[in-house]
1. Taking the Cβ-Cβ separation of L52 and F24 as r and a Förster radius of 25 Å, what is the calculated FRET efficiency to the nearest 0.05?
2. For L111, tell me the accessible area in Å² from a 1.4 Å probe, rounded to the nearest 10.
3. How big is the shadow of the Cα convex hull of region 71-124, averaged over all directions, in nm²?
4. Could you please put S33, S53 in sequence from largest to smallest accessible area, using a 1.4 Å probe?
5. Rg to Rh ratio, region 1-52, alpha-carbon atoms and Kirkwood radius?
6. Given 37 °C and 0.692 mPa s, how large is the Stokes-Einstein diffusion coefficient of the chain in µm²/s, with Rh as the Kirkwood radius over Cα pairs?
7. How would T26, T11 line up by accessible area, probe 1.4 Å, largest first?
8. Do any chymotrypsin sites (Phe, Trp or Tyr not before Pro) in region 1-75 lie in a loop, going by DSSP, with at most 12 other beta-carbon atoms within 10 Å of their beta carbon, and if so which?
Amino acid sequence: AVAVVNTVLTTAGLLFLQIPGVFFLTTLVLACSFIPVAGVFLSTLPMMFVALSEYGMSKALSVALMVLGVHFVEAYILNPQIYSSHLKLHPLFVLVVLYVSEHSFGIFGLLLAVPIAVYLLRFLKMPENDIESEQSKAAHTS
């Protein structure tokens, strides 16, 4: 879902900026959406190269800003919605966790924030009886 939204937003941005080769570039964006972290760079470089060669540095910088905008929408709007629906968390909580962890720990904070928050919430909500039963299950399986 996120890959399709990224592709649609990028398509709209490229059409707005009048960059040639939109079909090829957005197909590349869709394919690279499945490559964690490096996919953004792999898909952005050709777009910037086309913009630079056709229109110059200002258009290439416009493409970079458009890509940043698309990924801002993904990171701060789409991902919290997806996390909240799948993990039964409030979207605002997910947004705050992502924001604080990114500003505190950088990219690794973003990657680990939601799983750690979910673990801590589930651990803190687990009643005493459940903790004892989990420990006894662990003892029997060892």
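The values are calculated or read from the model by the stated rules, or taken from the named source; none is laboratory data. What you see is a predicted model; the values in this text were computed from it and never measured. In this analysis, Cβ positions are derived from the backbone assuming ideal geometry, glycine residues included, and neighbour counts consider all displayed protein chains. Please note that ligands, DNA and RNA were not included when accessible areas were found on the heavy atoms of the full protein model with its side chains. Shrake-Rupley method; radii C 1.70, N 1.55, O 1.52, S 1.80 Å.
1. After rounding, the FRET efficiency stands at 0.95.
2. The accessible area comes out at roughly 100 Å².
3. 3.4 nm²
4. S53, S33
5. When Rh is taken as the Kirkwood radius, the ratio is 0.94.
6. The Stokes-Einstein estimate is 188 µm²/s.
7. On the way: T26 15, T11 40 Å².
Descending accessible area places them as T11, T26.
8. In loop regions of region 1-75 (DSSP not H, G, I, E or B), the sparsely surrounded chymotrypsin sites (Phe, Trp or Tyr not before Pro) are F34.
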